[in-house]
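Scroll down for the structure; my scribbles are underneath it.
The values are calculated or read from the model by the stated rules, or taken from the named source; none is laboratory data. Please read these numbers as outputs of a predicted model, since none were measured by experiment. Counting neighbours? That spans all protein chains shown, and the Cβs are built from the backbone with ideal geometry, glycine included. The area values use the complete protein model at the heavy-atom level, side chains included, leaving out ligands, DNA and RNA. Shrake-Rupley method; radii C 1.70, N 1.55, O 1.52, S 1.80 Å.
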Amino acid sequence: MQNNPFNTISKLKTNKGEFTYWSLKALQDQGYGIEKMPFSIRILLENALRNFDDFAITKENIETILGWKPQASDKDIPFKPARVLMQDFTGVPAVVDLASLRAEAARKGKDPNKLNPLIPVDLVIDHSVQVDYFGTPNSYLQNVEAEYERNIERYQFLKWAQTAFDNFSVVPPGMGICHQVNLEYLAKGVIERDGQVFPDTLVGTDSHTPMVNGIGVVAWGVGGIEAEAAILGQPIYFIMPEVVGLKLSGKLPAGTTATDLVLTITQLLRNHGVVGKFVEVFGPGLDHLTVTDRATISNMSPEFGCTVTYFPIDGRTLDYMRKSNRSEEQIQLVENYTKTNMLWRENESKIAYSSLVELDLSTIEPTVSGPKRPQDKILLKDFKNKFKDLLKTNYQRKYVDFEHRTTDAEINQLKTVKIKKDNITYNLHDGSIAIAAITSCTNTSNPSVMIGAGLIAKKAIEKGLMVKPWVKTSLAPGSKVVTDYLQNSGLLPELEKLKFNIVGYGCTSCIGNSGPLPEEIDKAVVENDLIVASVLSGNRNFEARVHPKVKMNYLMSPMLVVAYALIGRVDIDLFNESLGTDNDGRPVFLKDLWPSNDEIDDVMSKVLSPDDFERNYSQIFEGNEQWKNLQPPKDKVYQWSKQSTYIKEVPFFKGIDPDISLSENIEGANVLLKLGDSITTDHISPAGSFSEDSPAGIYLKGRGVERRMFNSYGSRRGNDEVMVRGTFANVRIKNQLVRKEGGFTMHIPSGEEMSVFDASQRYQQDNIPLLVLAGKEYGSGSSRDWAAKGTSLLGIKAVIAESYERIHRSNLVGMGVLPLEYLNGQTAENLGLTGNESYSIKGISEGLSPLKKLQVKAVTEENKTIEFEVVCRLDSAIEIEYYKNGGILHYVLRQFLKD
């Protein structure tokens, strides 16, 4: 048979009937060493066998995977996911792209209705809720009301897509966070479709898609561009990954949490170096980790730098499936298939990994990370002293312990200000906590830490403690199941007494939707240049991400978030200093509030029920009355409104030539930005709020939009005019061409300082191509396709960096921007590049090949020439085709137009 080159097709009898499957055991019997392969590689192998067509997926591709060795490979392999997961920030622009492709197909005389997703797509609206209201019983309803007011046009567009496209489902606002919904409901473990049975796999337009690795599903985050190509039937190509084995032993000690574990692993794997690699977890320690513990770890794969952090399916997986109301029929199918096809966790000792990292769980200690990178681990016992050091080294401030100063004169050495709120006067100073947020699927999916937070709140109330009045508190569960078990345990009212009221079901502070600080706090921070902090149970704490005016941001467990909110500052030794006094005037310490593991387990055993999952997920697609009342257009080709400031046809495909033109060398280019290390996609394409005097704000005001209706960059991703103006507009980005922070640059021909957007417009008017120079880990962070789209629209033809984060490099290729890499050991600094030179890049027009070296010539203002080579990070033949077409979707559209 044509689709059976290795004679692996077999039949599996199950309780659901007989299915065709592609047998890995058949390959083992043929002499291939399948048992030595990591489980994640076995799943890639099955995927290639099943999707073999001898065109997009060839016999050579299969042989490449069959020949997997622990050593690095430079061969690319294909992957066709079974489904795609989206959230609305990245989903809206993806749907805009699909609608734009349909529009251009219609203009070219093709049937637009044939442009449909070829695999199931689930889009969860979870990124648009903002914490405008907090600390009251009405906070949730008020935030929902504000969310719909700001986003009704986007939501109508998504509801249109649900009816206009086949294979496309939308989970309405207020139902949960996409990764938690995926973990608790969408993920099947094993899929049966069209008479076949195979592993559940997916890609998602959010970098934290690997969270579902914790339930045994291979999945990772991609840009919207790559996801759209997968939706339209294109394989995703990537270099055969190394697989790092993470061996866990021991058991977490009392007083520690899965959050402490994942923050420890973040630093451990970052130090080991796992960028672009798979991580697979094994060892006896797995037996002591629940699926929700595992999912907490997998969730932070992008913070580790790896593509996936895979936990093979085992008995713990099946236990979780039962608790989360998967059908017994489905659970038996998962067990039957994985045990039959060598995908069940067993015989781990036979597997060969590329490298090994070992961690004894019994060594884990209470941990936080920050103030601006998830891998910057701080042991809780060292936090106060580390804060003092950071204040001095990062912010040039002398630390004075405000609570224990010996003389009033010392107050002058500390940045502090008196605030009056509700007739109470208090001091706000460096280290004060402005935001305390229980947020993010990383932790809200884990009942142990959520119930633990509730128990701390209960004990705090009993002892008469209260959250400090300057702290903006919020509770944003990742699903309504969390609310049910907190309510059933009686712990939600205790959290509410501490003003941790539910503010929404979605990503809030974790992605920058913290909402405004109270007016008097905001004013004090700005006017006195205070270094205030946030504490949050999220996964990201990059500069200006949580809130542009909060400079220090610390990741920690929900339990510690509550504890720190009680004291209202981070400059405290929680082990030895009290959080306050009880009703009898006795000091209360953290140990007095911290619940034992037995206490947490006792509550969990009483309140966790499959019925909660059944009740909430049986109506997951229905939405509230506001959603039901939305009236979307009925046209199959979207009718774009010229008045819209949210939804706009993208310019990429309009008038596309069915034939491609030859790629040319880059001549006479100027540098738009010269950047340092660890430039994240938040720096390149921020998601949060923006000011009236920013280029995006000026544009919206010119369209009659009031400041209060600006919403966020993330919510405006359906409008390229806003997004191109927001590219490189992060208030904390440091462009070395100018002295001030923010989205500014030097227009080199004139020597004038101006916004990045304004400079790019002048360069494009003069037909001058643009470059970006950068350091290590360029494009780390969220899988943000607008970080590449905006780069392209600014006229940037290439980026030269020391290294790239995987997703952003792929996205640059997907938008026709060349990712170039300095040779080992070379940097802009040691080459003597200032960014003021004129650049030429040769070797493109004569033809490209994977990882080809190109020649760069930089001519300085003094007419001195600097010549060097770079590696062109087009890693495969198909990526070269994407680049020649101007991008991956241009390639897909041209293929469609030719049919």
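Side notes on the structure shown:
- Square roots of 5 times each gyration tensor eigenvalue, C-alpha, segment 602-655, largest first, Å: 43, 15, 11
- Peptides ranked, highest mean first, by Cβ atoms within 10 Å: ranges 763-774, 798-809, 504-515: 504-515, 798-809, 763-774
- Ordering of 521-533, 839-851 by packing [mean C-beta count within 10 Å, highest first]: 521-533, 839-851
- Mean projected area (nm²) of the alpha-carbon convex hull when segment 406-498 is viewed from all directions: 7.9 nm²
- Entry note, the chain: relative contact order of 13 percent, from Cα contacts under 8 Å with a spacing of 6+ residues.
- DSSP beta bridges in segment 189-308 [antiparallel fraction, %, rounded to 5]: 30 percent
- Cα-based convex hull, segment 234-357, per residue volume (Å³, whole number): 135 Å³
- Looking at segment 151-240, the pairs of alpha carbons with a distance over 19 Å make up 51% of the total.
- Within segment 701-767, the ratio Rg/Rh, alpha carbon atoms throughout and Rh by Kirkwood, equals 1.02.
- Listed pairs LYS323/LYS386; LYS108/LYS628; LYS674/LYS853; LYS277/LYS398; LYS188/LYS591; LYS499/LYS549 exceeding 30 Å between Cα atoms: LYS323/LYS386; LYS108/LYS628; LYS277/LYS398; LYS188/LYS591
- Averaging the Cα positions of each part gives two centres, and for segment 760-832 and segment 74-98 these lie 21 Å apart.
- Selection from VAL222, GLY585, GLN764, by position along the positive dipole direction of the chain (Cβ): GLN764
- Charge-dipole axis of the chain as Lys and Arg at +1 and Asp and Glu at -1 on Cβ define it, positive-most pick from ILE748, ILE511, ILE57: ILE748
- Its Cα centre serving as origin, the chain has a Cβ charge dipole (Lys and Arg +1, Asp and Glu -1) of approximately 640 debye.
- Sequence-distant residues sharing a close amide H with ARG569 (under 5 Å, placed H): ILE433
- Additional length obtainable on full extension of the chain from GLU829 to ASP54, 0.36 nm per residue less Cα span: 274.3 nm
- Measure of compaction for segment 283-325 (Cα Rg per 2.2 N^0.38 Å): 1.21
- For segment 96-200, share of DSSP beta bridges that run antiparallel, in % to the nearest 5: 50 percent
- Taking the Cα atoms of segment 666-750, the ratio Rg/Rh between the radius of gyration and the Kirkwood radius comes to 1.01.
- When the convex hull of its Cα atoms is viewed from all sides, segment 285-416 shows a mean projected area of 12.8 nm².
- Ratio of the Cα radius of gyration of segment 494-629 to 2.2 N^0.38 Å, where N counts its residues: 1.32
- Pairs of C-alpha atoms in segment 717-815 farther apart than 23 Å represent 20 percent of all such pairs.
- Kirkwood hydrodynamic radius (C-alpha pairs) into Stokes-Einstein, the chain, 20 °C and 1.002 mPa s, D in µm²/s: 76 µm²/s
- Pairs of Cα atoms in segment 505-562 fall into 5 Å distance bins, from 0 up to the last occupied one, in shares of 4, 20, 28, 25, 15, 7, 1 percent.
- Where the Cα pairs of segment 753-899 fall when distances are cut into 10 Å bins, in %: 11, 39, 38, 10, 2, 0
- Under-5 Å amide H pairs with ALA436, H placed in peptide plane, nonlocal only: LYS472, THR473, SER474, VAL535
- Computed from Cα atoms alone, the Kirkwood hydrodynamic radius reported for segment 168-307 is 16.3 Å.
- From helices alone, the chain scores -9500 deg cm²/dmol at 222 nm; the rule is -39500 (n - 2.57) for each run of n ≥ 4 DSSP H residues, then divide by the residue total.
- Tail beyond 16 Å, pair distance distribution of segment 129-204 (Cα, percent): 67 percent
- Going by accessible surface with a 1.4 Å probe and the largest first, SER432, SER689 read SER689, SER432.
- Looking at the chain, the DSSP beta bridges with both ends there are about 45 percent antiparallel.
- Protection proxy ranking, peptides 459-472, 25-38, average beta carbon neighbours within 10 Å, highest first: 459-472, 25-38
- For segment 18-162, diffusion coefficient by Stokes-Einstein and Kirkwood Rh (Cα), 20 °C, 1.002 mPa s, µm²/s: 109 µm²/s
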